[in-house]
Amino acid sequence: MINKFSTTAADAVADIFDGATVMIGGFGEAGSPIELIHALIDHGAKNLTVVNNNTGSGHVGLAALIENGQVGKMICSFPRTANSTVFPDLYRAGKIELELVPQGTLAERIRAGGAGIPAFFTATSVGTPLADGKEHRNFDERDYVMELSLTADFALIKAKEADRYGNLTYNKTARNFAPIMAMAAKTTIVQTSHCVEAGDIDPETVATPGIFVDRIIHVENPLQESRLNAQGRTYP
Amino acid sequence: MINKFSTTAADAVADIFDGATVMIGGFGEAGSPIELIHALIDHGAKNLTVVNNNTGSGHVGLAALIENGQVGKMICSFPRTANSTVFPDLYRAGKIELELVPQGTLAERIRAGGAGIPAFFTATSVGTPLADGKEHRNFDERDYVMELSLTADFALIKAKEADRYGNLTYNKTARNFAPIMAMAAKTTIVQTSHCVEAGDIDPETVATPGIFVDRIIHVENPLQESRLNAQGRTYP
Amino acid sequence: MSLEKNTQAVGWTRDQMAERAALDIPDGSYVNLGIGIPEKVARYVPQGREFIYHTENGLLGMGPTPEVGEEDADLINAGKKPVTAIAGAAYFHHADSFAMIRGQHIDVCVLGAMQVAQNGDLANWSTGAPDAIPAVGGAMDLVAGVKTIFVITQHTTKNGIAKLIEACSYPLTGQGVVSRIYTDLCVIEVTSKGFELVELAPNVAFDTVQERTDAKLLDPNNIAEQS
Amino acid sequence: MSLEKNTQAVGWTRDQMAERAALDIPDGSYVNLGIGIPEKVARYVPQGREFIYHTENGLLGMGPTPEVGEEDADLINAGKKPVTAIAGAAYFHHADSFAMIRGQHIDVCVLGAMQVAQNGDLANWSTGAPDAIPAVGGAMDLVAGVKTIFVITQHTTKNGIAKLIEACSYPLTGQGVVSRIYTDLCVIEVTSKGFELVELAPNVAFDTVQERTDAKLLDPNNIAEQS
């Protein structure tokens with residue numbers, strides 16, 4: 001019987017290796033799989049390339065993973081946060097690499113990676129420094145740049161509900177990057193607050209079909225990044 | 001107040017012009033907007049380029065539109081049907097053009113059209129006659145062909161539910177091409193069996209957000225292609 | 001026009017700039033609002049019109065800010081602030097959200113600006129300073145994909161440096177993308193000939209605007225004389 | 001292996017071919033089944049395994065054929081035949097469905113064939129006859145995208161013409177895509193060296209298979225002798 005439920009976050013992230021590319025869901029704290037990120041901090045894999053729209057806030061979650069020296073490179077669209085100096089300090093010190101990608105191009109590159117499209121053209125960034133060095137091409141009298149797909153060894157995402165097949169739903173705007181990251185990663189690891197029976201999720205409303213999911217852990221009451229930060233918490 | 005409900009199918013298709021490109025939803029009869037197609041037959045626009053996975057069956061719906069001489073070109077993946085000679089006869093007589101596209105490439109070209117991607121690369125069709133004349137390119141030691149996006153002047157699709165904003169749900173595998181065609185057409189015209197209030201569709205389960213929809217007509221009990229064909233029906 | 005004429009003040013307040021921009025958005029538009037003054041546009045939907053707000057993190061049908069205590073950390077806008085959803089909203093993932101943008105389905109986007117050039121070039125993401133942390137978000141996608149780009153900005157920086165100029169010195173967000181500019185002093189249309197005056201704010205003289213603009217300000221419709 | 005040894009018959013029936021192919025599909029696989037004999041694979045899931053069936057028109061978790069009278073015209077497979085959905089199924093649109101295929105998320109696809117070449121080339125969509133109506137469907141997407149391609153086919157055409165050959169004469173569906181071939185006579189692995197015998201059907205001699213194959217049949221593991 002197919003059963004993708006895993007026992008602990010530690011088990012679920014245990015095979016994330018040094019140098020792996022890890023996509024991490026979330027837009028700010030919405031959808032951030034904080035328990036899985038903390039498990040990855042405990043696990044200790046180093047020299048990771050992390051794909052996330054941001055670079056975390058405060059000293060928990062993604063910011064803590066970066067602060068812990070585990071991230072060699074960030075691929076993201078907006079590495080600034082009002083209340084975090086973790087990434088900026090390391091970046092200015094030359095201790096972390098940054099690939100800055102427009103947000104929609106980032107999303108489409110991830111989706112392309114999951115959909116078996118090695119490259120596509122977009123008008124986004126034409127005429128800007130972010131198009132420098134990229135192949136340009138004209139279609140119907142408009143200029144476009146060619147963008148390459150993004151794939152990952154692992155994705156860590158947060159869902160609202162999950163069944164044993166890995167079918168997922170999300171909560172409101174916490175959906176953001178999770179469905180496409182689940183598609184683009186070789187191994188997709190999910191934390192969910194509701195483990196449900198197969199069939200409990202209406203097949204019309206599955207947001208991520210189980211084929212894109214490998215392991216699921218149950219986190220009934222996930223920590224909330226902004227609350228931890230308001231309390232001045234750090235991790236580990 | 002935004003209200004995309006239209007009164008009649010005739011009104012909804014009245015501005016489809018001669019020479020227009022029209023995407024028509026459906027995979028076989030599942031999702032085929034038969035009342036809208038019949039309204040287009042009544043309307044009479046000619047020399048249409050029609051995008052559909054198939055070419056219809058029997059002498060109703062899409063097959064009837066073709067039989068009525070309104071279609072100059074079909075863009076599709078599978079123009080053969082067990083019970084229809086309409087397209088094959090016209091094709092052999094040189095009276096209709098065919099652009100044959102692999103099914104997944106067809107879907108992706110439509111999705112690209114809706115997503116503002118003018119071209120993308122796929123491994124599908126490499127080494128086959130359908131790749132002839134297409135630009136080839138190697139990424140990571142694999143060959144791909146470049147495919148161009150598809151857009152349309154109009155899309156005709158069938159939904160299960162629709163609200164005044166144009167938010168849609170579909171029924172089972174009748175969803176098929178409808179969501180991507182709605183994205184790729186300048187004007188998307190929908191027939192639905194359930195007109196609902198704004199808010200009646202859970203925002204988590206909207207399959208096509210209203211931004212992709214222009215006009216909606218109510219067809220409470222749509223005709224079923226296979227039943228009409230079993231009865232030997234024709235249209236008009 | 002519902003803007004109150006304030007004969008005392010010179011120019012428009014931030015709210016009035018937003019109100020003025022909202023007047024130019026057609027009924028039924030799909031609208032994306034940038035962070036800052038553009039967000040205020042949502043407060044000034046002209047009577048009889050309905051706009052649908054898109055926020056690129058994955059919501060169409062964004063509603064107003066929630067009451068205090070009603071915030072949901074999973075329901076935020078692109079500025080990561082708590083929002084609500086209207087009846088008739090839809091959630092979707094990031095690739096679908098930017099398909100709406102890149103595919104030219106959003107009608108109007110209202111953005112802030114660091115610099116706007118007379119050819120419509122926009123710079124609003126980086127000063128290019130060597131020690132700045134570069135951060136672009138969805139700005140480049142929005143200007144490349146949305147049909148009409150409005151800019152709301154103070155006419156000059158706090159230090160009086162012109163933001164409306166002949167050519168941008170900061171790194172671009174997009175080339176030739178801006179249609180209209182709403183400042184505290186005036187409304188300007190970006191045309192193939194350059195900046196054209198559309199309207200002056202109350203008690204603002206043409207010469208004042210020209211003085212604070214580092215590009216030729218055209219007035220083919222003699223707005224200056226009519227004011 | 002649960003296949004009944006039938007000492008009377010020569011070779012495998014269509015159902016036995018499907019049953020034999022099913023044996024090679026690992027537990028937990030995502031499987032897409034082509035039209036014809038491949039569809040029968042679903043009837044022979046080996047004990048203790050669970051496969052999830054994908055149908056490219058937009059369903060993951062396809063269940064068996066419905067009871068007569070329970071058919072739903074909106075719930076069909078890629079062959080346009082009525083199907084059901086299991087508890088735990090998901091519906092999606094065509095671009096998402098082919099993202100599963102093209103993105104190499106489907107583990108195994110079982111297809112029919114007109115011709116298979118010893119280098120794994122597959123022809124199964126067109127004879128190239130000038131008056132034929134060309135129709136390809138999802139075949140080219142499946143062979144380009146699915147990790148492992150199995151072919152189930154009669155070893156020869158009804159007229160005795162070889163289908164397993166040195167090089168395809170019909171237009172290709174894909175190049176070097178076939179991993180294994182299940183015929184009425186044997187199981188063949190397509191290797192870098194060519195066709196390698198994996199198993200002979202009951203009462204079938206190696207020479208009989210070689211005679212009906214227009215390419216060299218390798219037998220590095222001496223299957224012929226062990227049978």
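The values are calculated or read from the model by the stated rules, or taken from the named source; none is laboratory data. Not measured: the values here are computed from a predicted model. Neighbour counts run over all protein chains shown; Cβ positions are idealised from the backbone, glycine included.
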Exercise. If you scan the stretch A:56-87, which residues turn out to be at pLDDT 95 or above, out of contact with any strand residue (DSSP E or B) (no Cβ under 8 Å at 6 or more places or on another chain) and under 22 Å from C:T173 (Cα atoms)?
Worked result: A:F78
Problem set entry | Where B:A198 falls short, out of the listed (1) within 14 Å of chain C (Cβ to nearest Cβ); (2) closer than 23 Å to D:G138 by Cα; (3) over 21 Å from the mean Cα position of the chain (by Cα) | (2)
Exercise. Which of the strands (runs of 3 or more DSSP E) contained wholly in the stretch C:98-169 include at least 2 residues that are closer than 27 Å to A:I75 by Cα?
Worked result: C:108-111
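With the structure loaded, tell me whether A:G113 is at pLDDT 95 or above, under 15 Å from the mean Cα position of the chain (by Cα) and at the interface with chain C (Cβ under 7 Å from one of its Cβ atoms) or whether it fails that test.
On the way: at pLDDT 95 or above: yes; under 15 Å from the mean Cα position of the chain (by Cα): yes; at the interface with chain C (Cβ under 7 Å from one of its Cβ atoms): no.
Answer is no for this residue.
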Exercise. Does the stretch B:133-146 contain at least one residue that is touching a residue at least 40 places away in the same chain (Cβ under 8 Å) and facing another protein chain (nearest Cβ under 9 Å)?
Worked result: no
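Working carefully through the options A:G58, A:G25, find the one that is surrounded by 16 or more Cβ atoms within 10 Å (Cβ to Cβ) and at positive phi.
On inspection, the qualifying residue turns out to be A:G58.
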Exercise. Among the residues of the stretch D:61-86, how many are touching a residue at least 24 places away in the same chain (Cβ under 8 Å) and either assigned to a strand (DSSP E or B) or of a type in the set (A, V, I, L, M) (or both)?
Worked result: 7
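Evaluate the following for B:T55: is it closer than 17 Å to B:T21 by Cα and either hydrophobic (A, V, I, L, M, F, W, C) or touching a Leu at 6+ places or on another chain (Cβ under 7 Å) (or both)?
Numbers: closer than 17 Å to B:T21 by Cα: yes; either hydrophobic (A, V, I, L, M, F, W, C) or touching a Leu at 6+ places or on another chain (Cβ under 7 Å) (or both): yes.
Considered against the rule, which asks whether it is closer than 17 Å to B:T21 by Cα and either hydrophobic (A, V, I, L, M, F, W, C) or touching a Leu at 6+ places or on another chain (Cβ under 7 Å) (or both), B:T55 comes out as yes.
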Seminar exercise, completed: Residues in the stretch D:39-60 that are outside any helix (DSSP H, G or I), more than 14 Å from chain B (Cβ to nearest Cβ) and within 17 Å of the chain's Cα centre (by Cα) total 4
For this session: Select from the stretch D:134-154 the residues that are more than 11 Å from every other protein chain (Cβ to nearest Cβ) and surrounded by fewer than 23 Cβ atoms within 10 Å (Cβ to Cβ) and write down the one among them that is farthest from the chain's Cα centre (by Cα).
Result: D:K147
Exercise. Hey, any hits in the stretch A:95-107 for a residue that's under 30 Å from A:F121 (Cβ atoms), touching a His at 6+ places or on another chain (Cβ under 7 Å), surrounded by 24 or more Cβ atoms within 10 Å (Cβ to Cβ) and at pLDDT 95 or above?
Worked result: yes
Exercise. So which pairs qualify, if the first residue must be in the stretch C:147-172 and within 22 Å of C:N32 (Cα to Cα), the second must be exposed (fewer than 13 other Cβ atoms within 10 Å of the Cβ), the Cβ gap must be under 9 Å, and the two must be at least 6 apart or on different chains?
Worked result: none
Problem set entry | Index of the failed condition, D:N119 passing every other in (1) farther than 30 Å from D:K80 by Cα; (2) among the polar types (S, T, N, Q); (3) in contact with a Pro (Cβ under 9 Å, 6 or more places away or on another chain) | (3)
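Could you tell me whether the stretch C:173-187 includes any residue that is under 30 Å from A:K95 (Cβ atoms), in a loop (DSSP other than H, G, I, E, B) and touching a residue at least 24 places away in the same chain (Cβ under 8 Å)?
From the stretch C:173-187, those under 30 Å from A:K95 (Cβ atoms) are C:173; that's our starting set.
Now drop any that are not in a loop (DSSP other than H, G, I, E, B), which leaves C:173.
Those still in the list that are touching a residue at least 24 places away in the same chain (Cβ under 8 Å) too: C:173.
The answer is yes, given that some residue of the stretch C:173-187 is under 30 Å from A:K95 (Cβ atoms), in a loop (DSSP other than H, G, I, E, B) and touching a residue at least 24 places away in the same chain (Cβ under 8 Å).
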For this session: Go through the stretch A:189-210 and count every residue that is crowded, with 24+ Cβ neighbours inside 10 Å and of a type in the set (A, V, I, L, M).
Result: 4
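Restricting attention to the stretch B:150-175, which residues are within 9 Å of chain D (Cβ to nearest Cβ), surrounded by 24 or more Cβ atoms within 10 Å (Cβ to Cβ) and assigned to a loop (DSSP other than H, G, I, E, B)? Let's see the steps before the verdict.
First, pick out the residues of the stretch B:150-175 that are within 9 Å of chain D (Cβ to nearest Cβ): B:160, B:170-175.
Filter again for surrounded by 24 or more Cβ atoms within 10 Å (Cβ to Cβ), leaving B:170, B:173-175.
Once the filter is applied, which keeps residues that are within 9 Å of chain D (Cβ to nearest Cβ), surrounded by 24 or more Cβ atoms within 10 Å (Cβ to Cβ) and assigned to a loop (DSSP other than H, G, I, E, B), the stretch B:150-175 yields B:Y170, B:R175.
Looking at the stretch D:209-223, which of its residues are at pLDDT below 95 and either touching a Lys or Arg at 6+ places or on another chain (Cβ under 9 Å) or buried (at least 16 other Cβ atoms within 10 Å of the Cβ) (or both)? Can you show your working first?
Just the residues of the stretch D:209-223 that are at pLDDT below 95, to begin with: D:220-223.
Across the stretch D:209-223, the qualifying residues are D:P220, D:I223.
Every residue in the stretch A:92-108 that is more than 24 Å from A:P179 (Cα to Cα) and facing chain C (nearest Cβ under 7 Å), please. Break it down into steps so the answer makes sense when it comes.
Going residue by residue through the stretch A:92-108, those that are more than 24 Å from A:P179 (Cα to Cα) are A:92-97.
Scanning the stretch A:92-108 gives a single hit, A:R92.
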